[in-house]
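*Asks:* So that we are looking at the same thing, I have put the structure below in C-alpha cells.
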Amino acid sequence: QVQLVESGGGLVQAGGSLRLSCAVSGRTFSNYAMGWFRQGPGKEREFVAAISCSGSITYYADSMKGRFTFSRDNAKNTVYLQMNSLKPEDTAVYYCTVAPQCVARSSREYDYWGQGTQVTVSS
C-alpha cells in the first residue's frame with residue numbers, strides 16, 4: 001500500500017519561508033515522479049510543481065517560479081518543497097502526490113495522494 005505523509009505546513013507572515021516534506025512508502029520511490037498540488041479556499045486544486053524520478057527535471061507553475069524549489073532525496077524516500085517569499089495568495093492545503101512513471105505534470109497522471117498540509121500566509 002502506497003502512503004504519502006506531508007509535514008512542514010504552518011502559519012507564516014508574508015515574505016517568509018516554509019519547507020514542506022513528503023515521505024513516501026510502499027513504492028520503489030526512485031522510479032516515480034512526484035508532484036505538489038494545492039487547493040486554496042474556494043478554489044480548485046492547482047498544479048504547483050513536479051519532479052522527475054531522478055530529480056534532474058523539475059516543472060513549476062508560473063506563479064511559483066523563482067520562489068519555490070522542489071527537490072528529492074531518493075535515499076530517504078522523501079521530497080521537499082522549499083517555499084520562499086510567500087504571499088497571502090499562497091495560502092492553501094498543499095498535497096503531495098506520486099505518479100507511476102518517471103515524469104508527470106497533469107493531475108490525471110498521479111495515482112496516490114497525501115492527506116495535505118495547511119499553509120497559511122498572513123499579510
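Values quoted throughout were computed directly from the atomic coordinates according to the rules given, and no laboratory measurement underlies them. Quick caveat: nothing in here was measured; it's all calculated off a predicted structure. As a convention, Cβ positions derive from the backbone with ideal geometry for all residues, glycine included, and neighbour counts pool all protein chains shown.
*Asks:* How large is ³J(HN,Hα) for each residue in the stretch 87-98, as worked out from phi by the Karplus curve 6.51 cos²θ - 1.76 cosθ + 1.60 (θ = phi - 60°), to whole Hz, x for Gly and Pro?
*Replies:* 10, x, 6, 7, 4, 4, 8, 9, 10, 9, 8, 10
*Asks:* Determine which aspartates and glutamates satisfy two conditions relative to LYS76: a Cα distance under 18 Å, and not lying fewer than 8 residues away in the same chain.
*Replies:* Straight-line reach from LYS76, under 18 Å: GLU6.
*Asks:* Ok, one more. Sticking with the crude label model, points 7 Å out along Cα→Cβ, report the distance from SER17 to SER122 in nm, one decimal please.
*Replies:* Inter-label distance under the simple model: 2.1 nm.
*Asks:* Excluding GLY9 itself, calculate the net charge of residues whose Cβ lies under 15 Å from the Cβ of GLY9, where each Lys or Arg counts +1 and each Asp or Glu counts -1.
*Replies:* Neighbourhood net charge equals 0.
*Asks:* Figure the gain on full extension for SER107 and ALA75 (residue separation times 0.36 nm, minus the Cα-Cα span) and round it to one decimal in nm.
*Replies:* That pair, SER107 and ALA75, stretches by 9.0 nm at full extension.
*Asks:* Report the Cα centroid-to-centroid distance between the stretch 37-72 and the stretch 108-122 in angstrom, as an integer.
*Replies:* 11
*Asks:* Please check: in the Gaussian network model of the chain (C-alpha springs, under 10 Å), which one of GLY15, GLY66, GLY42 has the largest mean-square fluctuation.
*Replies:* Evaluated over the chain, the most mobile residue of the options is GLY42.
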